[in-house]
Amino acid sequence: MKKVEVFKPVLVSNKERARENRKFFDGMDSLVINIISSPGAGKTSIISKLVEHFKNKHTILIIEGDIKGDIDSSRLSKLKVDIVQINTLTECHLDAFMVAQVLPKIEKKYDLILVENVGNLVCPAEFEIGEDFKSAILSTPEGDDKPLKYPLLFHLAKVVVINKCDLLPYVNFDLKKAREAIKGENPKAHVFEVSAKTDEGLGELYRFLERKLDAKKKAKR
Amino acid sequence: MHEYSVTKSLVDLCNQEADKNNLNKIHKITLKIGRFTGFSPDSIKFYFDYLKPNTKCVDAKIIFKEVPIRIKCHDCKQESVLDEPLFLCPHCGKTDISVISGREFYVESIEGE
Ligand SMILES: Nc1nc2c(ncn2[C@@H]2O[C@H](COP(=O)(O)OP(=O)(O)OP(=O)(O)O)[C@@H](O)[C@H]2O)c(=O)[nH]1
Ligand SMILES: [Mg+2]
Ligand SMILES: [Zn+2]
């Protein structure tokens, strides 16, 4: 018997690939946001709002990750925005290799790349894809305890969007509790309370992202 | 759920390391797994049994070594081990902390011949 000390991360190849993707995006000056939530929390709805708000001033690409089909892409295509679709087939998350496969399709510079990950609160958190940061979306009907039950995503997300705040009067969701739970996982998270239906709270999110877009451009110079 | 692809990476990594070190067969894989990862040892075991035939891992078993969640508080400077990923300093209750360990997921060693 022979023992070999290995000390290598199992996901080493994903991490390395994510680093290559990040280099590619940095070379293009693109701010890349990996948007993660459970199914139906409002990823596509929020992305639509961001596109409408930013498209006159910035170039935008959407990378749309779905297990199957292109329903969200066709919804978003009405906004006349560039979209690349990734179908993950059996996988419940996007990984760095799937994103790497579509890089050759990115032929021009985009200021903002919004990646809609597969609807899932668990798995996508574990796989870097080369993003600048992750944004978690939590919708009020899901309950204020989700950050406690799915801590990894909330720990890693720089931005947490609490969506469907228009439904607060009808659902059992305590904003204060949710904020405390998020803070418990990630004291540095930027938390926004919004509604993609009524537009409430979105202005603050736009201003935050505008600053991030500026910072990304300046980092290059 | 995602353990299939993760276990595939694990088997690939172990086979590569066996090749590099002239091992024909792996008997034991020691895997460090932090308590703050989303990976379940049970599903890794399940997919491992499915993936190992016709590889150098065919007779291997995995030893899981769990790594606790350890944090350091920037306020009171103390280190603590958490049972759950709830990031409050148990000494002073502050949230300005760094995670020191718990996110590990790596192959520590392989044994074989
Ligand atoms: N009331 C209300 N409904 C919303 C809001 N945001 C989204 N919805 C609705 O919630 C449903 C799901 O929204 P999507 O944007 O498709 O959610 P998603 O996260 O992209 O869903 P998947 O891609 O399937 O995981 C749709 O019917 C939206 O119209 C909101 O702020 N308030
Ligand atoms: Mg969607
Ligand atoms: Zn402390």
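In the range A:192-217, the residues that are closer than 18 Å to A:Ala157 by Cα reach residues that are small (Gly, Ala, Ser) and more than 16 Å from ligand 3 (Cβ to nearest atom) with C-beta atoms within less than 7 angstrom, at least six apart or across chains, in these pairs: A:Phe192/A:Gly201; A:Glu193/A:Gly201; A:Val194/A:Gly201. Scanning the range B:60-77 for residues being farther than 25 Å from A:Glu126 by Cβ and either of a type in the set (Val, Ile, Thr) or open to solvent by 80 Å² or more (accessible area, probe 1.4 Å) (or both) gives a total of 2. Return the residues of the range B:1-54 that are within 28 Å of B:Val99 (Cβ to Cβ), facing chain A (nearest Cβ under 9 Å), among the polar types (S, T, N, Q) and in a loop (DSSP other than H, G, I, E, B); say none if nothing qualifies. B:Thr37, the sole residue that qualifies.
Pull up the range B:78-88, narrow it to residues that are within 16 Å of A:Leu148 (Cα to Cα) and open to solvent by less than 80 Å² (accessible area, probe 1.4 Å), then point me to the one that is modelled with the highest pLDDT. Looking at residues that are within 16 Å of A:Leu148 (Cα to Cα) and open to solvent by less than 80 Å² (accessible area, probe 1.4 Å), I get B:Leu82. For the range A:42-62, enumerate the residues that are assigned to a loop (DSSP other than H, G, I, E, B) and more than 9 Å from ligand 2 (Cβ to nearest atom). The answer is A:Lys55, A:Asn56, A:Lys57, A:His58, A:Thr59. The set of residues in the range A:38-93 that are out of contact with any strand residue (DSSP E or B) (no Cβ under 7 Å at 6 or more places or on another chain), among the charged types (D, E, K, R) and surrounded by fewer than 16 Cβ atoms within 10 Å (Cβ to Cβ) comprises A:Glu52, A:Lys55, A:Lys57, A:Arg75, A:Lys78, A:Lys80.
For the condition open to solvent by 50 Å² or more (accessible area, probe 1.4 Å), more than 17 Å from A:Pro187 (Cα to Cα), out of contact with any helix residue (DSSP H, G or I) (no Cβ under 9 Å at 6 or more places or on another chain) and basic (Lys, Arg), B:Lys32 does not qualify. Residues in the range A:1-41 that are more than 30 Å from B:Ala60 (Cβ to Cβ) and in a helix (DSSP H, G or I) were compared, and the one that is farthest from the other protein chains (Cβ to nearest Cβ) is A:Gly27.
A:Leu167: surrounded by fewer than 16 Cβ atoms within 10 Å (Cβ to Cβ) and in contact with a Ser or Thr (Cβ under 7 Å, 6 or more places away or on another chain), yes or no? Yes: the conditions hold for A:Leu167. Taking the listed residues A:Asp144, A:Asp111, the one that is open to solvent by 10 Å² or more (accessible area, probe 1.4 Å), of a type in the set (Asp, Glu) and more than 17 Å from the chain's Cα centre (by Cα) is A:Asp144, with no other qualifying.
If only residues of the range A:182-203 that are in a loop (DSSP other than H, G, I, E, B) and within 30 Å of B:Val99 (Cα to Cα) are counted, the one that is farthest from the other protein chains (Cβ to nearest Cβ) is A:Val194. May I ask you to list the residues in the range A:1-15 that are open to solvent by 60 Å² or more (accessible area, probe 1.4 Å) and touching a residue at least 40 places away in the same chain (Cβ under 8 Å)? Answer for the range A:1-15, where residues must be open to solvent by 60 Å² or more (accessible area, probe 1.4 Å) and touching a residue at least 40 places away in the same chain (Cβ under 8 Å): just A:Lys15. Among the residues that make up the range A:58-72, is at least one of them over 12 Å from the mean Cα position of the chain (by Cα), without any contact (Cβ under 8 Å) to a residue 12 or more places away in the chain and away from ligand 3 (no atom under 16 Å from the Cβ)? Within the range A:58-72, one or more residues are over 12 Å from the mean Cα position of the chain (by Cα), without any contact (Cβ under 8 Å) to a residue 12 or more places away in the chain and away from ligand 3 (no atom under 16 Å from the Cβ). A:Phe192 satisfies every condition listed in (1) buried (at least 19 other Cβ atoms within 10 Å of the Cβ); (2) at pLDDT below 95 except (2).
The values are calculated or read from the model by the stated rules, or taken from the named source; none is laboratory data. Here the structure is a predicted model, which is why all the values come from computation and not from measurement. When we count neighbours, we look across all protein chains shown, and the Cβ atoms used for this are built from the backbone with ideal geometry, even at glycine. Heavy atoms of the whole protein, side chains included, go into the accessibility calculation; ligands, DNA and RNA do not. Shrake-Rupley method; radii C 1.70, N 1.55, O 1.52, S 1.80 Å.
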